[in-house]
1. Please go through the stretch 49-87 and pick out each residue that is out of contact with any helix residue (DSSP H, G or I) (no Cβ under 7 Å at 6 or more places or on another chain), over 14 Å from VAL13 (Cα atoms) and β-branched (Val, Ile, Thr).
2. Quick one: which strands (runs of 3 or more DSSP E) lie wholly within the stretch 12-129 and hold at least 1 residues that are farther than 28 Å from PRO1 by Cβ, in contact with a Cys (Cβ under 7 Å, 6 or more places away or on another chain) and modelled with pLDDT under 90?
3. Starting from the stretch 37-57, take each residue that is free of Cβ contacts under 8 Å to residues at least 60 places away in the same chain and list its partners that are in a loop (DSSP other than H, G, I, E, B) and open to solvent by less than 40 Å² (accessible area, probe 1.4 Å), counting only C-beta distances under 7 angstrom and pairs at least six apart or across chains.
4. Could you grab me the full set of residues in the stretch 14-44 that are at positive phi and of a type in the set (Asp, Glu)?
5. Does the stretch 1-11 hold any residues that are surrounded by 11 or more Cβ atoms within 10 Å (Cβ to Cβ) and either under 21 Å from ASN72 (Cα atoms) or modelled with pLDDT under 85 (or both), and which are they?
Amino acid sequence: PTLGYCRVVIEGVSGLSKSSQRPYFVLHLEGQEYWAEDFWNAAEVDLTYDFAVGLPQSNLRIYCYDDCADRNKPLGRMLVPLSDLFWGPGSGLSSKKVLGTVAPGIQFRRRYTLQFMPVGVSGDCRAET
C-alpha cells in the first residue's frame, strides 16, 4: 500500500566537473528509478521526480555516474532516510509518530545540501583496504 508520495527536486549541482566529464544521477526509492541528466541546462520541472512511498523507514538513494566512464561503477552515492524528513535526524520511531505522518493532507518539506560519498567495492562507503 502507498502511504504517500515523495517529491525530489534537484535545484543545483556543483563540483562534479572535477571528477567526471558527463555526470548523471540515478535516483532510487522502493524499486522506483529515475535518471537525471544535463543538470546545468535543464529546467526545474525536468529535475523533479515523484516517488510513491509505502514504508516511512525507506532510504532515497542517489548514485552519481559518469557517462564517459564505466557505467556500471558509480562515482559516489547519497542516502537520505525518509524518516529524517518525517521526524528529524536521530528521532526514534513510535506508533504515535507514524500515525501523525500518514494523516490525510499533511505535507513535509525539507531542503538538503548533499555531498556524494565514494562507493566501496562492497557497495557501501567504507574505505578501501
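1. Passing the criteria: only VAL80.
2. Those strands (runs of 3 or more DSSP E) span 23-29, 76-81.
3. Qualifying pairs under 7 Å: PHE39/ILE10; PHE39/VAL13; LEU47/ILE10; LEU47/PHE39.
4. GLU30, ASP38
5. LEU3, GLY4
The values are calculated or read from the model by the stated rules, or taken from the named source; none is laboratory data. The shown structure was predicted, so the numbers you read here are calculated from the model rather than taken from an experiment. Neighbour counts are summed over all protein chains in view; Cβ atoms, including those assigned to glycine, are modelled from backbone coordinates with ideal geometry. Just so you know, the surface numbers come from the protein's heavy atoms only, side chains and all, with ligands and any DNA or RNA stripped out. Shrake-Rupley method; radii C 1.70, N 1.55, O 1.52, S 1.80 Å.
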